Amino acid sequence: MKSGMKLLAAAALCGAALGAQAQVSQVKVWAAACANCHGTNGKAQPGMISLAGRDKAELVQKMQAYKKGELPATIMHQISKGYTDEQIELIAAHFAGLPK
């Protein structure tokens, strides 16, 4: 491979890595909004539901149910409507990947 091609390939890999890192950072920003009720890193105080280590599919299902108005809520129905389905998937994956 010529040096110019190697440089282009390296630049493409760096760009992809930066894009992935930016996405991870954005997911953390979205997830931080949950800390008010569900605790830092999804570890809630007694009386609230912890999100850390929960099943991703369950988290997605509940968020979608709140978004559609299928579950009673005081505020979750409003919060959930602020996220796209893809964002909900990413946030759920984030919390599912955290230790309980």
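Residue-by-condition table, conditions (1) aromatic (Phe, Trp, Tyr); (2) at pLDDT 95 or above; (3) surrounded by 16 or more Cβ atoms within 10 Å (Cβ to Cβ):
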| site | (1), (2), (3) |
| --- | --- |
| ALA16 | no, no, no |
| GLY19 | no, no, no |
| ASN36 | no, no, no |
| GLY39 | no, no, yes |
| HIS77 | no, no, yes |
| ALA96 | no, yes, yes |
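Taking the listed residues ALA44, ALA65, the one that is surrounded by 11 or more Cβ atoms within 10 Å (Cβ to Cβ) and touching a helix residue (DSSP H, G or I) at 6+ places or on another chain (Cβ under 7 Å) is ALA44, with no other qualifying.
GLN87 passes every criterion in (1) more than 22 Å from GLN45 (Cβ to Cβ); (2) of a type in the set (S, T, N, Q); (3) without any contact (Cβ under 8 Å) to a residue 40 or more places away in the chain apart from (3). Of everything listed in (1) under 15 Å from the mean Cα position of the chain (by Cα); (2) modelled with pLDDT under 90, the single unmet condition for GLN45 is (1).
Taking segment 20-87 and the helices (runs of 4 or more DSSP H) fully enclosed by it, the elements with 2 or more residues that are more than 19 Å from PRO99 (Cα to Cα) and not polar (S, T, N, Q) are at 56-67, 76-80.
The values are calculated or read from the model by the stated rules, or taken from the named source; none is laboratory data. Quick caveat, the model's predicted, so the values are computed rather than measured. When we count neighbours, we look across all protein chains shown, and the Cβ atoms used for this are built from the backbone with ideal geometry, even at glycine.
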